[in-house]
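Here the structure comes first, spelled out in structure tokens, and everything after it is commentary.
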Amino acid sequence: MRDPERELDNLPRRADAPGGEAVDRSLVLDWLRHVSTAMNRHQDHLTELDSAIGDGDHGANMARGFAAVRAALDDPSHPPTSVGEALVTAGNSLISVVGGASGPLYGGAFRSLGKALGTAPQVDARRFAAGLTAALATMQQLGAAVPGDKTMVDAYSPAVSAFRDAADAGADFPTSARAAARAAEDGMRATIPLQARKGRASYLGLRSIGHQDPGATSTCYVFHALAEAAGAAAIPVQ
Ligand code: ADP
Ligand code: MG
């Protein structure tokens with residue numbers, strides 16, 4: 001078991017880590033491109049996971065959804081002018097393109113993150129942490145899932161906590177993003193022994209036990225992509 005408090009002690013403090021603190025529009029665009037690449041690369045894996053405890057469309061939903069995000073953000077007639085606008089555009093694309101449960105949940109979360117970050121050209125790690133907290137709140141309001149229900153919340157919630165704890169302790173953006181990616185990965189794996197209480201997998205009752213949740217897995221890719229875009233590549237993940 002990792003000792004999170006120990007790890008926080010080892011994180012670089014602001015004074016040790018000049019630069020790399022601010023999140024700007026180009027980092028966010030990079031993040032969303034990395035997410036799209038990851039969803040394509042892992043599409044078959046997400047399909048397999050969702051075939052075991054759902055209807056097998058999560059890989060296609062994520063690949064199609066983030067391809068639409070990419071197309072919207074690359075549209076030369078509407079270049080996003082701020083971090084917040086880019087994220088709201090991403091959320092709107094996911095809501096309009098992804099039919100499954102994951103579309104509104106991810107779309108709502110990205111929209112809330114974008115709204116929380118507003119029109120600032122750059123934001124620091126603490127402000128980004130506040131945005132992620134708002135994104136998680138929206139995801140939970142929409143889906144009514146709590147940690148332990150075997151959903152994307154099981155990866156998203158620990159990722160947000162880890163990001164916020166690191167940022168509050170003075171870590172820079174890349175370090176906070178790496179902490180979030182690791183926590184998301186731990187949360188993803190921790191869904192395996194759980195019985196699903198929300199979403200399609202809940203219809204299986206006890207038979208949902210022993211399978212990794214597809215949405216928690218895609219959330220893990222989302223936070224790994226954030227760490228990658230920030231230049232703090234986290235551990236490779238399947
Ligand atoms: P659908 O279940 O409609 O086919 P997807 O397959 O794209 O949609 O997404 C499935 C994932 O959505 C699940 O693995 C789970 O993580 C997530 N999910 C489903 N319902 C909820 C909910 N109420 N709250 C949070 N996440 C949910
Ligand atoms: Mg599905």
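When Ala137, Ala145, Ala130, Ala159 are checked against the criterion of being open to solvent by less than 40 Å² (accessible area, probe 1.4 Å) and away from ligand 2 (no atom under 16 Å from the Cβ), Ala159 stands alone in meeting it.
Residue pairs whose Cβ atoms lie under 9 Å apart, separated by 6 or more positions or on different chains, with the first residue in the stretch 141-152 and over 18 Å from Ala184 (Cα atoms) and the second near ligand 1 (Cβ under 6 Å from one of its atoms) and not polar (S, T, N, Q), are Leu142/Leu105; Gly143/Ala101; Gly143/Leu105; Gly143/Met152; Gly143/Val153; Gly143/Lys198; Gly143/Gly199; Ala144/Lys198. Within the stretch 178-186, identify whether any single residue is buried (at least 21 other Cβ atoms within 10 Å of the Cβ) and not in a helix (DSSP H, G or I), and answer yes or no. Checking the stretch 178-186: not a single residue is buried (at least 21 other Cβ atoms within 10 Å of the Cβ) and not in a helix (DSSP H, G or I).
Within the stretch 18-41, the residues that satisfy the criterion of being open to solvent by 20 Å² or more (accessible area, probe 1.4 Å) and either within 14 Å of ligand 1 (Cβ to nearest atom) or of a type in the set (Asp, Glu) (or both) are Glu21, Asp24, Asp30. Being more than 25 Å from Leu94 (Cα to Cα), part of a loop (DSSP other than H, G, I, E, B) and either modelled with pLDDT under 95 or open to solvent by 10 Å² or more (accessible area, probe 1.4 Å) (or both) is a description that does not apply to Gln212. For the stretch 81-122, the tally of residues that are open to solvent by less than 10 Å² (accessible area, probe 1.4 Å), at pLDDT 95 or above and not in a helix (DSSP H, G or I) stands at 1.
When you look at Thr191, is it crowded, with 21+ Cβ neighbours inside 10 Å, among the hydroxyl-bearing types (Ser, Thr, Tyr), within 16 Å of ligand 2 (Cβ to nearest atom) and under 13 Å from the mean Cα position of the chain (by Cα), yes or no? When the stated conditions are applied, Thr191 does not pass them.
Does the stretch 63-80 contain any residue that is more than 12 Å from ligand 1 (Cβ to nearest atom), at pLDDT below 95, among the acidic types (Asp, Glu) and in a helix (DSSP H, G or I)? So far as the stretch 63-80 goes, yes, one or more of its residues are more than 12 Å from ligand 1 (Cβ to nearest atom), at pLDDT below 95, among the acidic types (Asp, Glu) and in a helix (DSSP H, G or I).
The set of residues in the stretch 194-203 being within 16 Å of ligand 2 (Cβ to nearest atom) and either in a loop (DSSP other than H, G, I, E, B) or farther than 17 Å from His58 by Cα (or both) consists of Ala196, Lys198, Gly199.
The values are calculated or read from the model by the stated rules, or taken from the named source; none is laboratory data. Keep in mind that this is a model prediction, so the values were computed, not measured. Please note: Cβ atoms are built from the backbone with ideal geometry, for glycine as well, and neighbour counts cover all protein chains shown. Note: accessible area is taken over every heavy atom of the protein model, side chains too, but ligands, DNA and RNA are not part of it. Shrake-Rupley method; radii C 1.70, N 1.55, O 1.52, S 1.80 Å.
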